[in-house]
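Engineer: Quick one: the structure is below, questions incoming.
The values are calculated or read from the model by the stated rules, or taken from the named source; none is laboratory data. Given the structure is predicted, the values throughout are model-derived calculations rather than measurements. Note that each Cβ is placed from the backbone with ideal geometry, even for glycine, and that neighbours are counted across all protein chains shown. For accessibility, only protein heavy atoms count, side chains too; no ligands or nucleic acids. Shrake-Rupley method; radii C 1.70, N 1.55, O 1.52, S 1.80 Å.
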Amino acid sequence: MDILSDVISAVRVGTPATERVEWRAPWRRTFPDLPGTAGFLVVLQGTCWLIDKAAEPTHLAPGDVVFSPHGDGYTLADSPSTTAPATGSTTVTLCGGYRLSPEWTHPLLRELPGVIHIPARPGHHAGLRAAVEVLGAETGGRRLGAAALLPVALDMLLLYVLRIWFEEHPGGEPDTGWAAALAAPDVRAALNAMHDDPAHPWTVQELADRARVSRATLSRRFGALIGQPPLTYLTWWRMTTAARLLVLDPGASLDSVAARVGYSSEFAFANAFKRHFGLAPGAYRRRATTPAGA
């Protein structure tokens with residue numbers, strides 16, 4: 001699995017929530033900050049304005065997508081000057097969100113701005129437009145299979161938003177961070193290798209061979225762009241993957257979880273896990289799966 005695919009798998013907890021909303025002008029709605037979530041909005045019909053405290057008002061048209069990766073709030077309205085509440089439907093939107101686990105959130109997401117707007121430009125982003133069309137069709141009624149199809153379409157939406165953002169923002173000044181890392185073929189090759197097989201006993205030399213650069217070059221570039229050495233990142237990803245497996249697959253034995261993240265010894269895995277999370281694997285699983293107040 002490549003790194004963006006893994007981010008999609010790791011970022012959310014449970015099934016994303018969705019709601020189709022119809023608005024009638026004049027209308028205005030403020031969405032509050034919701035830490036621990038990633039919110040999205042798709043304009044299915046009509047137009048409206050995105051009013052974000054960090055930027056000038058932005059006009060939204062059908063097919064436009066807004067993504068709030070950190071749960072930052074914003075306001076929507078039929079006009080930047082509207083203050084009245086909703087009274088009926090002239091605009092149709094699909095709103096929703098993913099619940100996030102702070103311990104599993106990939107640092108790639110932390111570098112994203114508070115609100116991302118992807119406009120529906122003709123001839124661009126065909127995959128994103130297809131995901132939007134599927135969402136619009138499946139939320140308009142109770143068609144057979146919609147409950148199973150919607151989460152898949154929402155994952156597609158999120159993947160396309162991230163892909164478009166990183167392709168169109170390949171790094172700024174200074175040229176560091178995840179946008180620059182994903183734009184660098186050698187660093188991205190090393191990342192994809194680790195994500196494709198986190199259980200493999202990777203060495204920096206093996207990763208450098210995958211990236212087709214020298215060991216020294218990969219170490220230098222990986223550290224400069226991501227802020228840590230390749231094998232330190234690998235350990236972080238292994239522990240994050242193990243934590244998800246412990247919670248989402250409660251029937252999995254500690255031995256099997258250890259093996260899936262590259263540890264042949266349950267003892268070695270437990271020690272590494274406790275160093276990372278401050279809890280033994282069994283205690284971490286019990287804490288995550290015990291109902292509040294139990």
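Engineer: Among 264-277, 223-236, what's the highest-first ranking by average C-beta atoms within 10 angstrom per residue?
Structural biologist: 223-236, 264-277
Engineer: Return one number: the angle in degrees, 0 to 90 and rounded to the nearest 10, between the long axis of the Cα atoms of helix 185-196 and the longest principal axis of the Cα atoms of the chain.
Structural biologist: For 185-196 against the chain, the angle is about 80 degrees.
Engineer: Over the chain, what is the relative contact order in percent, taking alpha-carbon pairs closer than 8 angstrom and at least six residues apart?
Structural biologist: Normalised by residue count, the contact order of the chain is 17 percent.
Engineer: If you don't mind, another one. Between residue 216 and residue 142, what is the spin-label point distance in nm, taking each point 7 Å from the Cα along the Cα→C-beta axis?
Structural biologist: The modelled label-to-label distance comes out at 6.8 nm.
Engineer: With contacts defined as alpha carbon pairs under 8 Å and 6 or more residues apart, what's the relative contact order of the range 1-152 in percent?
Structural biologist: Computed value for the range 1-152: 33 percent relative contact order.
Engineer: Tell me the angle of helix 126-138 to the major Cα principal axis of the chain, expressed in degrees between 0 and 90 and rounded to the nearest ten.
Structural biologist: Roughly 60 degrees between the two axes.
Engineer: Sorting check: for 103-113, 157-167, which peptide has the highest mean count of neighbouring beta carbons within 10 Å, and how do the rest follow?
Structural biologist: 157-167, 103-113
Engineer: How large, in percent, is the carbon and sulfur part of the accessible surface of the range 212-294 at a probe radius of 1.4 Å?
Structural biologist: 54
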